[in-house]
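Undergrad: Before we start, here is the structure in question, set down as structure tokens.
The values are calculated or read from the model by the stated rules, or taken from the named source; none is laboratory data. The shown structure was predicted, so the numbers you read here are calculated from the model rather than taken from an experiment. Positions of Cβ are generated from backbone atoms using ideal geometry, with glycine treated the same way; all protein chains shown enter the neighbour counts. Remember, those area values only see protein heavy atoms, side chains included, never the ligands or the DNA or RNA. Shrake-Rupley method; radii C 1.70, N 1.55, O 1.52, S 1.80 Å.
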Amino acid sequence: MMNKYYLFGALALMVLGCNEKKNESETAPEPVYYSEPYRPQFHFSPEANWMNDPNGLVYHDGVYHLFYQYYPEDTVWGPMHWGHAVSKDLVHWEHKPIALYPDGHGLIFSGSAVVDKQNTSGFATNGKTPLVAIFTYHDMDGEKAGRTDFQTQGIAYSLDNGETWAKYEGNPVIGNEGIKDFRDPKVFWHEASQKWILTLVAGDHAQFYMSPNLKDWTLTGEFGKEYGAHGGVWECPDLFPLQVDGENESKWVLIISINPGAPNGGSGTQYFLGNFDGKTFTTDQKEPKWVDYGTDDYAGVTYNNVPNDDRIFIGWMSNWDYARDTPTEKWRSSMTVPRKLALKKVGADYFLTSFPIDGMDVLASSELSQTWEINPKETTSRTIEGLDQSMIQLKTTSKDFSITFQNAQGETLVLTMDAENNQFSVDRRKSGKVNFQKEFGNKIHIAPTELLEGETFDMRILLDRSSVEIFINGGLLTMTEQIFPNEPFNSLTVENRDSQSDLTIDSVKKMESVW
Ligand code: FRU
């Protein structure tokens, strides 16, 4: 891919060519693109500056669009734009110019995008298909003046598959009657009612709207005041149906991010399973279920219009507790790997599973270590160069074990399955840089394992330069965490505490860089 470093290198060569020839050793080596400390190698991150939520996830004409909350002037949050990148496979990304800039109505907060195939909006000319983005306007002046109606919903359209965007002159399309947190519209086309459905959050609950044309919206229902977690404000909803694996039934999934109030502190994402009748969502699930028990998967939503109705989810790999303080210099934050969502029946209950899309497997190339059996009551270690950018696959009937990543400085990341206490945990307290903010490394993060049925566990671990993602039993339990070791992890220690069962590390594979 053409990038500014290459461009810089080319210009430097031209300048040198004009002058007398210089000794080769005098020319500085070209910096390698995306090689700064902690730069993710197989996750999306912006070239420079601040990013938060994924926005406008939509597939159209062979292209997956990823828009995102972006502040182009600094590495901390500021006046929000929609950054833009595209991909043909959700694995390799091409950066695009900023898609949406703030305007007189306000900053551009989170939202979604749809393909208006029937031109219900009337935005299309010459038979083109409009992409329509639906987002929240945040009026800073209104907020500063102490008003409560400073968030409204606006739309913009593109007739060239996302290259250029025009705001709708009738904005805002949903005004605000005095709800302070009123944002993050997610829209989809509802076949049954032949209408657009919009879900947004209004402080402590979700609201549902319908529209024939993406411009005129009617409130049809609300959900959630007495359901789920309420430790913080509700944000970034998503609503979609999913087929239950191996069963002839489907359920509606309502995803709601919440900040603070997540199981391990700060930002997290809960979900509800129930029904949507075209007007409102209902469920008998009072308690929250969590998409991810780690502290670094927030504001995640799914793609619209994906072939085969696959539900593909991307989350922001950070947490508002410390997002502004993480020790990166040029850019800040990355996204989770894209994950395919499914529904699984466990006993009499149902759960969402999330697992890296198959497409990620193309990156898992050379074996960094041979298959490895750890007997009952045995602890073994291996030095594995390249471990800091790898995919580890393991299988076990042992329900009591720890996996420790370590580097030459003795920094560690410890994953523990603890049968006695029915929990899985991630301990990053000694994983390197942890003191940049007090919430980052102050405790072990825990997930309950009751829902993991059966006699065996399988686990996939994706380790990148500044993150670990753990998927247990096909993603029935998921944990995502940022880490900032002072040098790469290069050794793996497995302690099998079970007195009867083996543990097998099936493979440790290098993940190729996508940049
Ligand atoms: C979630 C969020 C959204 C909001 C956006 C602003 O992380 O707070 O609710 O639209 O970030 O950047």
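Undergrad: Looking at SER398, SER431, SER390, can you tell me which residue is in contact with a Leu (Cβ under 6 Å, 6 or more places away or on another chain), at pLDDT below 95 and not β-branched (Val, Ile, Thr)?
TA: SER398
Undergrad: Quick check on my filter: what residues within the range 222-238 are away from the ligand (no atom under 16 Å from the Cβ) and surrounded by 18 or more Cβ atoms within 10 Å (Cβ to Cβ)?
TA: PHE223, TYR227, GLY228
Undergrad: Separate question: Can you tell me which residue is nearest to the ligand (Cβ to nearest atom) among those in the range 261-277 that are of a type outside the set (Ser, Thr, Tyr), assigned to a loop (DSSP other than H, G, I, E, B) and out of contact with any Gly (no Cβ under 6 Å at 6 or more places or on another chain)?
TA: Applying the filter and picking the extreme gives GLY266.
Undergrad: Please count how many residues of the range 41-74 are open to solvent by 30 Å² or more (accessible area, probe 1.4 Å), within 14 Å of the ligand (Cβ to nearest atom) and in contact with a helix residue (DSSP H, G or I) (Cβ under 8 Å, 6 or more places away or on another chain).
TA: 0
Undergrad: Select, from TYR293, TYR209, TYR303, the only residue that is out of contact with any helix residue (DSSP H, G or I) (no Cβ under 9 Å at 6 or more places or on another chain), at negative phi and open to solvent by less than 10 Å² (accessible area, probe 1.4 Å).
TA: It is TYR303.
Undergrad: Among the residues of the range 85-110, how many are within 11 Å of the ligand (Cβ to nearest atom), within 18 Å of the chain's Cα centre (by Cα) and open to solvent by less than 10 Å² (accessible area, probe 1.4 Å)?
TA: So the answer is 1.
Undergrad: Residues to consider are TRP82, TRP77; find the one that is of a type outside the set (Ser, Thr, Tyr), open to solvent by 50 Å² or more (accessible area, probe 1.4 Å), within 16 Å of the ligand (Cβ to nearest atom) and closer than 25 Å to SER267 by Cβ.
TA: Being of a type outside the set (Ser, Thr, Tyr), open to solvent by 50 Å² or more (accessible area, probe 1.4 Å), within 16 Å of the ligand (Cβ to nearest atom) and closer than 25 Å to SER267 by Cβ holds for just one of TRP82, TRP77, which is TRP77.
Undergrad: Hey, another quick one. Checking the conditions here, which among PRO185, PRO212 is within 16 Å of the ligand (Cβ to nearest atom) and of a type outside the set (Gly, Ala, Ser)?
TA: It is PRO185.
Undergrad: Kindly provide the set of residues from the range 143-156 that are in contact (Cβ under 8 Å) with a residue 24 or more places away in the chain and either out of contact with any strand residue (DSSP E or B) (no Cβ under 7 Å at 6 or more places or on another chain) or more than 17 Å from GLY83 (Cβ to Cβ) (or both), ordered by number.
TA: THR148, ASP149, PHE150, GLN151, THR152, GLN153, GLY154, ILE155
Undergrad: Does TRP196 qualify as being farther than 30 Å from SER334 by Cβ, of a type in the set (Phe, Trp, Tyr) and open to solvent by less than 40 Å² (accessible area, probe 1.4 Å)?
TA: yes
Undergrad: For the range 131-156, enumerate the residues that are over 21 Å from PHE67 (Cα atoms), small (Gly, Ala, Ser) and surrounded by 14 or more Cβ atoms within 10 Å (Cβ to Cβ).
TA: GLY142
Undergrad: Tell me which of these VAL115 doesn't satisfy, since it passes every other one: (1) open to solvent by less than 30 Å² (accessible area, probe 1.4 Å); (2) within 15 Å of the ligand (Cβ to nearest atom).
TA: Result: VAL115 passes all but (2).
Undergrad: Looking at (1) crowded, with 19+ Cβ neighbours inside 10 Å; (2) within 28 Å of the chain's Cα centre (by Cα); (3) farther than 22 Å from ARG311 by Cβ, can you tell me which one LEU159 breaks?
TA: (1) is the only condition that LEU159 fails.
Undergrad: Residues ASN496, ASN473, ASN442, ASN490: which one is polar (S, T, N, Q) and open to solvent by less than 20 Å² (accessible area, probe 1.4 Å)?
TA: None of the others qualify; the one that does is ASN496.
Undergrad: Still on this structure, I have one more. Hey, does the range 120-132 have a residue that's touching a residue at least 12 places away in the same chain (Cβ under 8 Å), among the aromatic types (Phe, Trp, Tyr) and more than 16 Å from the ligand (Cβ to nearest atom)?
TA: Within the range 120-132 (the criterion being touching a residue at least 12 places away in the same chain (Cβ under 8 Å), among the aromatic types (Phe, Trp, Tyr) and more than 16 Å from the ligand (Cβ to nearest atom)), the answer is yes, since at least one residue qualifies.
Undergrad: Taking the range 243-260 as the search range and keeping residues that are within 12 Å of the ligand (Cβ to nearest atom) and in contact with a Gly (Cβ under 6 Å, 6 or more places away or on another chain), which one is least open to solvent (accessible area, probe 1.4 Å)?
TA: ILE258
Undergrad: Same structure again: Write out, first by first residue and then by second, each pair whose Cβ atoms fall under 9 Å of each other, whose residues are 6+ apart or on separate chains, and whose first residue, in the range 215-240, is of a type in the set (Lys, Arg) while the second is in a loop (DSSP other than H, G, I, E, B) and within 16 Å of the ligand (Cβ to nearest atom).
TA: Listed by first residue and then by second, the contacts come to LYS225/ASP204; LYS225/HIS205.
Undergrad: Ok, one more. Right, LYS128: part of a loop (DSSP other than H, G, I, E, B), open to solvent by 60 Å² or more (accessible area, probe 1.4 Å) and in contact with a Leu (Cβ under 6 Å, 6 or more places away or on another chain) or not?
TA: In short, yes.
Undergrad: Considering only residues of the range 312-334 that are over 18 Å from TRP93 (Cβ atoms) and open to solvent by 40 Å² or more (accessible area, probe 1.4 Å), which is farthest from the ligand (Cβ to nearest atom)?
TA: The selected residue is GLU329.
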